[in-house]
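**Q** Can you read through this structure? Questions will come right after.
The values are calculated or read from the model by the stated rules, or taken from the named source; none is laboratory data. For clarity, every value in this text was computed on a predicted model and none was experimentally measured. Here the Cβ is made from the backbone with ideal geometry for all residues, glycine too, and neighbour counts use every protein chain on show.
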There are 2 protein chains.
Amino acid sequence: MSADEAAKLIPSGVNVGMSGFTGAGYPKAIPVALAKHIKSVHDQGKPFRISVWTGASTAPELDGVLAEVDGIEMRLPYQSDPVCRQKINSGQMHYMDIHLSHVAQFAWFGFFGKLDIAVIEVAGILEDGRLIPAASVGNNKTWIDQADKVIIEVNHKLSEKLEGMHDIYYGTALPPNRKPIMMTEPDQRIGEPYLRCPLDKIIAIVETNETDRVNKFTEPDETSKRIAKHILDFFSKEVAEGRLPKNLLPLQSGVGNIANAVMAGLNEGEFENLKSYTEVIQDGMLGMIKSGKLVSASATSLSLSPDGLKELNDNIDFYRERIILRTQEISNHPEIVRRLGIIAINGMIEADIYGNVNSTHIMGSSIMNGIGGSGDFARNGYMSFFVTPSTAKNGAISAIVPMVSHVDHTEHDVQIIVTEQGLADLRGLSPRQRAICIIENCAHPDYKAALLDYFDRANNSGRPVHTPHILSEALSWHERYEKTGHM
Amino acid sequence: MSADEAAKLIPSGVNVGMSGFTGAGYPKAIPVALAKHIKSVHDQGKPFRISVWTGASTAPELDGVLAEVDGIEMRLPYQSDPVCRQKINSGQMHYMDIHLSHVAQFAWFGFFGKLDIAVIEVAGILEDGRLIPAASVGNNKTWIDQADKVIIEVNHKLSEKLEGMHDIYYGTALPPNRKPIMMTEPDQRIGEPYLRCPLDKIIAIVETNETDRVNKFTEPDETSKRIAKHILDFFSKEVAEGRLPKNLLPLQSGVGNIANAVMAGLNEGEFENLKSYTEVIQDGMLGMIKSGKLVSASATSLSLSPDGLKELNDNIDFYRERIILRTQEISNHPEIVRRLGIIAINGMIEADIYGNVNSTHIMGSSIMNGIGGSGDFARNGYMSFFVTPSTAKNGAISAIVPMVSHVDHTEHDVQIIVTEQGLADLRGLSPRQRAICIIENCAHPDYKAALLDYFDRANNSGRPVHTPHILSEALSWHERYEKTGHM
């Protein structure tokens with residue numbers, strides 16, 4: 001049926017589970033039609049809102065249009081849309097920020113209430129009703145399992161040759177009936193290539209013909225290259241000292257240009273026979289697969305630029321053998337992440353001198369995107385990096401502060417901090433030792449003296465000094481930025 | 001040999017792994033002798049310090065005496081000794097606070113440097129050299145595996161009938177060689193009852209005859225009983241609504257009187273055939289095993305009062321069938337905690353109105369004990385409670401504050417907050433919804449108006465309101481307490 005007809009099957013007040021993870025695999029027609037419908041209802045003076053659960057971020061055609069018409073009551077678990085963000089920070093919509101490995105199980109447990117409808121993009125439908133997943137898997141399996149009704153978008157733009165790339169694990173259960181997940185290699189298949197969907201759940205099928213909207217990557221800038229170099233040098237040292245195997249351990253890296261630069265660095269570097277076990281495959285990883293440096297990549301989403309997508313489609317038989325797309329509960333599963341010994345590399349907004357990391361909030365109150373899977377990998381991985389340029393806004397903001405304005409990763413979960421200035425290896429250090437290490441290695445020279453001054457005065461304030469602080473000044477850098485435009 | 005002779009085998013500058021977890025199973029003679037030796041060296045004007053790694057907290061005979069003579073350079077991963085705490089907070093010794101499930105693996109990975117010597121209390125030695133563990137297992141397996149030299153304390157006061165109660169798992173490995181841990185039931189045995197120790201590592205055996213020092217529990221007070229009742233009522237509601245099985249899921253509960261009160265409440269309540277999968281077995285759990293309410297208990301430590309110890313020893317054959325003591329990497333393992341679906345109940349120092357929890361720091365700078373295993377269970381369990389009386393210091397301190405002064409558990413890991421005032425169920429709520437829920441249900445009446453006032457003003461401050469804050473006031477309650485003695 002048409003998207004307009006399908007959208008009208010979604011009533012106000014329901015919880016809707018939509019496909020989509022980092023701009024890949026989101027439904028492209030129904031959210032747009034639904035937003036139009038919601039606007040017309042609002043124009044009649046009637047309320048209409050739904051709660052939207054996804055895998056992670058989607059695109060303007062989903063988060064953007066629905067937020068624009070004030071159609072979202074509650075959004076979870078991760079978003080990165082500018083309109084959505086503005087509505088959340090102005091108090092017009094609720095947002096709940098959850099570890100990506102927790103979302104599916106909390107839905108099964110009933111912790112978010114009942115899931116009413118699933119809206120899922122697929123690459124195709126088999127004759128027996130099984131679905132060929134699209135460019136991301138995310139929580140699609142769970143949404144289909146949990147929802148009473150399912151709406152399918154078949155995107156003809158997607159190569160049906162994606163068939164066979166996915167690995168959907170159907171071995172999960174509710175406690176007390178859970179079993180070990182029998183995966184011991186990052187590129188091991190443990191499931192099946194299709195999503196199962198009872199035919200009687202399907203209330204609509206809509207056809208589309210559009211590509212995912214993923215921006216072109218910029219070439220790595222000098223800052224990203226320097227961050228990447230610090231990480232690569234550190235890998236070499238760890239290998240030399242026997243704390244990492246020669247081909248490292250499976251790599252996870254967050255989204256964005258720094259992550260891409262690390263991949264570019266690895267692609268030119270000394271390490272061979274690498275594997276990745278991550279959330280998102282970006283262009284950088286594709287390049288590494290092509291060169292042979294990366295033997296295989298496991299993720300839940302293929303988030304490729306137009307160039308990357310062309311490369312994939314042109315060589316789909318080659319990549320299908322080397323890429324596995326899983327459900328996000330498996331790509332981010334604590335059990336697997338710990339067993340495989342993942343090297344976790346994630347971006348952040350700011351870190352404090354004691355190694356607490358803020359990944360989500362600008363100046364303590366304003367959500368940026370969300371925690372995503374960074375906590376899943378940082379907590380359970382073998383080695384955990386957090387990376388950022390040492391300043392933002394042309395130097396007006398220091399990424400190293402006396403106290404972070406929001407904590408997403410505590411001192412207990414942060415091992416290595418990297419900026420273009422250098423790398424702080426916090427393993428085995430107490431808070432006071434961490435402070436010196438972070439300030440000396442990671443702070444921008446313009447802020448180093450002020451940070452050392454804060455630390456020294458906190459150390460000599462007469463207050464306890466396990467974690468020295470001056471409470472009246474701890475958040476003053478953020479206050480100063482808001483008042484003067486400079487920290 | 002004598003403890004004095006054995007202690008002299010420990011040189012200055014080494015890393016020493018000692019047994020001990022929550023006041024149980026710590027070596028009783030050697031640390032005292034070592035402290036005496038260190039003092040005599042210091043008296044000659046020479047330096048002498050070691051780093052002390054344990055399972056968790058020990059007793060005055062270990063942490064107390066070594067801290068007293070300034071003999072500890074670095075302490076990890078958890079302590080609760082008053083002298084130790086004072087030395088840490090005055091800057092005289094370093095302390096590194098680590099998730100208990102991380103300690104053993106970080107030692108294998110080499111992240112803390114080389115472990116030189118292990119000092120381990122045991123209940124007995126078999127003819128072939130295998131060791132009967134004492135009242136706690138903690139990290140003993142790892143310390144023996146990793147250390148070059150091992151010193152054994154055989155404590156004759158321990159019933160050799162403990163033999164068979166322990167389950168030491170020898171299936172761990174370094175990535176990329178890790179395998180699934182094949183445990184699916186909380187009372188399943190997956191290891192062997194003895195610690196293996198190569199005979200050529202043993203450089204000394206010392207005999208002792210002393211009981212563990214665990215304080216008598218106070219009868220649950222009114223506050224603890226009310227907290228326990230809120231939790232039990234919540235369990236009943238969750239069972240009625242289908243979100244928990246009738247016999248609940250395996251229980252984890254932290255150390256102390258509130259945890260003991262919850263156990264006492266469960267012992268008088270409606271739930272049958274319970275199991276526990278926790279760190280520490282205290283008197284309350286022993287009572288539940290005796291009554292038959294608790295079918296089995298798995299932990300890494302038996303931390304019993306003198307009365308509890310007598311009860312255990314008098315009925316050791318009964319309890320040995322129902323209690324399993326494991327290594328702490330297994331008792332707290334993310335893989336197992338998630339698979340079994342643990343109900344996690346942990347104490348805290350304070351929570352903020354958005355559900356961030358501080359478990360470790362008084363007024364942001366002063367360490368209390370440490371995070372222990374609370375993060376292992378809160379992050380990976382099925383359902384996560386944090387509990388505290390709503391005030392401390394006779395009402396001078398509110399346990400609910402605008403912003404916590406230190407974060408150990410982020411908003412992403414905290415589901416349910418309980419004080420004697422009530423229970424805040426935060427599942428599925430956004431930060432602003434959480435604030436109302438926590439203030440209304442958990443804050444003490446004396447502080448409720450001030451918290452609501454802060455929240456309202458933050459909401460109307462003109463700043464972004466995903467997580468409303470007034471940065472200049474966020475930590476002002478802690479500042480006020482330090483200035484005036486009252487929040």
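**Q** Kindly provide the set of residues from the range A:15-34 that are more than 27 Å from A:Leu325 (Cα to Cα) and surrounded by 21 or more Cβ atoms within 10 Å (Cβ to Cβ), ordered by number.
**A** Within the range A:15-34, just A:Leu34 meets the criteria.
**Q** List, please: which pairs have Cβ atoms under 8 Å, are six or more places apart or on different chains, and start with a residue in the range B:75-98 that is farther than 14 Å from A:Arg434 by Cα and end with one that is of a type in the set (Ser, Thr, Tyr) and surrounded by fewer than 22 Cβ atoms within 10 Å (Cβ to Cβ)?
**A** B:Asn89/B:Ser366
**Q** Which of the residues that make up the range A:275-292 are crowded, with 19+ Cβ neighbours inside 10 Å, charged (D, E, K, R) and at pLDDT 95 or above?
**A** Step one: of the range A:275-292, the residues crowded, with 19+ Cβ neighbours inside 10 Å are A:275-286, A:288-289.
The next check asks that each one be charged (D, E, K, R); those that pass are A:275, A:279, A:283.
Answer for the range A:275-292, where residues must be crowded, with 19+ Cβ neighbours inside 10 Å, charged (D, E, K, R) and at pLDDT 95 or above: A:Lys275, A:Glu279.
**Q** If I filter the range A:436-448 for residues that are within 8 Å of chain B (Cβ to nearest Cβ), more than 25 Å from the chain's Cα centre (by Cα), surrounded by fewer than 19 Cβ atoms within 10 Å (Cβ to Cβ) and over 16 Å from A:Phe385 (Cβ atoms), do I get at least one hit?
**A** Looking through the range A:436-448, none of the residues is within 8 Å of chain B (Cβ to nearest Cβ), more than 25 Å from the chain's Cα centre (by Cα), surrounded by fewer than 19 Cβ atoms within 10 Å (Cβ to Cβ) and over 16 Å from A:Phe385 (Cβ atoms).
To keep it simple, each residue is scored yes or no on (1) within 24 Å of B:Thr184 (Cα to Cα); (2) modelled with pLDDT of 95 or more; (3) within 14 Å of chain B (Cβ to nearest Cβ).
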| residue | (1), (2), (3) |
| --- | --- |
| A:Met93 | no, yes, yes |
| A:Val150 | no, yes, no |
| A:Gly164 | no, yes, no |
| A:Met182 | yes, yes, yes |
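**Q** So the check is Cβ under 6 Å with 6+ separation or different chains; which pairs have a first residue in the range B:462-487 that's within 7 Å of chain A (Cβ to nearest Cβ) and a second one that's surrounded by fewer than 21 Cβ atoms within 10 Å (Cβ to Cβ) and charged (D, E, K, R)?
**A** B:Leu471/A:Glu479; B:Ser472/A:Glu479
**Q** May I pose another question? Could you tell me whether A:Ala35 is more than 14 Å from chain B (Cβ to nearest Cβ) and either closer than 27 Å to B:Pro334 by Cβ or touching a Lys or Arg at 6+ places or on another chain (Cβ under 9 Å) (or both)?
**A** For A:Ala35, the condition - more than 14 Å from chain B (Cβ to nearest Cβ) and either closer than 27 Å to B:Pro334 by Cβ or touching a Lys or Arg at 6+ places or on another chain (Cβ under 9 Å) (or both) - is not met.
**Q** With (1) among the aliphatic types (A, V, I, L, M); (2) more than 13 Å from chain B (Cβ to nearest Cβ); (3) out of contact with any Pro (no Cβ under 7 Å at 6 or more places or on another chain) as the list, and A:Ala399 as the residue in question, which single condition is left unmet?
**A** (3)
**Q** Which numbered condition trips up A:Arg75, out of (1) more than 22 Å from A:Thr208 (Cβ to Cβ); (2) surrounded by fewer than 24 Cβ atoms within 10 Å (Cβ to Cβ); (3) charged (D, E, K, R)?
**A** (2)
**Q** Restricting the search to the range A:368-396, which residues are surrounded by 23 or more Cβ atoms within 10 Å (Cβ to Cβ), over 25 Å from B:Phe377 (Cβ atoms) and aliphatic (A, V, I, L, M)?
**A** Selection gives A:Val387 alone.
**Q** In addition: Does A:Gly138 qualify as being in contact (Cβ under 8 Å) with a residue 24 or more places away in the chain, in contact with a Cys (Cβ under 9 Å, 6 or more places away or on another chain) and at positive phi?
**A** Considered against the rule, which asks whether it is in contact (Cβ under 8 Å) with a residue 24 or more places away in the chain, in contact with a Cys (Cβ under 9 Å, 6 or more places away or on another chain) and at positive phi, A:Gly138 comes out as no.
**Q** Among the residues of the range B:225-264 satisfying the criterion of being more than 14 Å from every other protein chain (Cβ to nearest Cβ), polar (S, T, N, Q) and within 27 Å of B:Asn369 (Cβ to Cβ), which is surrounded by the most Cβ atoms within 10 Å (Cβ to Cβ)?
**A** B:Ser253
**Q** Another question, then. Does A:Gly308 satisfy the criteria of being in contact (Cβ under 8 Å) with a residue 12 or more places away in the chain and on the phi > 0 side of the Ramachandran plot?
**A** Against the criterion (in contact (Cβ under 8 Å) with a residue 12 or more places away in the chain and on the phi > 0 side of the Ramachandran plot), A:Gly308 does not qualify.
**Q** Just checking, which of A:Asp145, A:Asp70 is closer than 22 Å to A:Ala299 by Cα and among the acidic types (Asp, Glu)?
**A** So the residue among A:Asp145, A:Asp70 that is closer than 22 Å to A:Ala299 by Cα and among the acidic types (Asp, Glu) is A:Asp145.
**Q** Looking for whichever is within 26 Å of B:Ile470 (Cα to Cα) and out of contact with any helix residue (DSSP H, G or I) (no Cβ under 7 Å at 6 or more places or on another chain) here; the options are A:Tyr447, A:Tyr454. Which one fits?
**A** Residue meeting the stated conditions: A:Tyr447.
**Q** Of all residues in the range B:60-70 being away from chain A (no Cβ under 14 Å) and buried (at least 24 other Cβ atoms within 10 Å of the Cβ), which is farthest from A:Ala458 (Cα to Cα)? Lay out the reasoning, then the answer.
**A** Taking the range B:60-70 and keeping what is away from chain A (no Cβ under 14 Å), we get B:60-66, B:68-70.
Checking which are buried (at least 24 other Cβ atoms within 10 Å of the Cβ) leaves us with B:62-63, B:66.
On the way: B:Leu62: 31, B:Asp63: 27, B:Leu66: 27 Å.
Here the residue is B:Leu62.
**Q** Here is a further query. Filter the range B:408-426 down to residues that are within 11 Å of chain A (Cβ to nearest Cβ) and either closer than 26 Å to B:Pro445 by Cβ or among the acidic types (Asp, Glu) (or both), then give me how many there are.
**A** Going through the range B:408-426 one residue at a time, the tally reaches 8.
**Q** Of the conditions (1) more than 8 Å from every other protein chain (Cβ to nearest Cβ); (2) closer than 30 Å to A:Arg243 by Cβ; (3) buried (at least 18 other Cβ atoms within 10 Å of the Cβ), A:Leu452 clears all except one; give me its number.
**A** Of (1) more than 8 Å from every other protein chain (Cβ to nearest Cβ); (2) closer than 30 Å to A:Arg243 by Cβ; (3) buried (at least 18 other Cβ atoms within 10 Å of the Cβ), only one is false for A:Leu452: (3).
**Q** Could you give every pair whose Cβ atoms fall below 7 Å, whose first residue belongs to the range B:157-179 and is touching a residue at least 60 places away in the same chain (Cβ under 8 Å), and whose second residue is among the small types (Gly, Ala, Ser) and assigned to a loop (DSSP other than H, G, I, E, B), counting only separations of at least 6 or pairs across chains?
**A** What qualifies is B:Asp167/B:Gly191; B:Ile168/B:Gly191; B:Tyr169/B:Gly191.
**Q** Return the total of residues in the range B:125-146 being surrounded by 19 or more Cβ atoms within 10 Å (Cβ to Cβ) and in a strand (DSSP E or B). Don't jump to the end; show me each part of the working.
**A** At the first step, the residues of the range B:125-146 found to be surrounded by 19 or more Cβ atoms within 10 Å (Cβ to Cβ) are B:131-146.
Adding the requirement that they be in a strand (DSSP E or B) leaves B:131-133, B:136.
Number of matching residues: 4.
**Q** Mind listing just one residue for me: the one in the range A:352-363 that is touching a strand residue (DSSP E or B) at 6+ places or on another chain (Cβ under 8 Å) and in a loop (DSSP other than H, G, I, E, B) and, of those, nearest to the other protein chains (Cβ to nearest Cβ)?
**A** Among them, the one singled out is A:Asn356.
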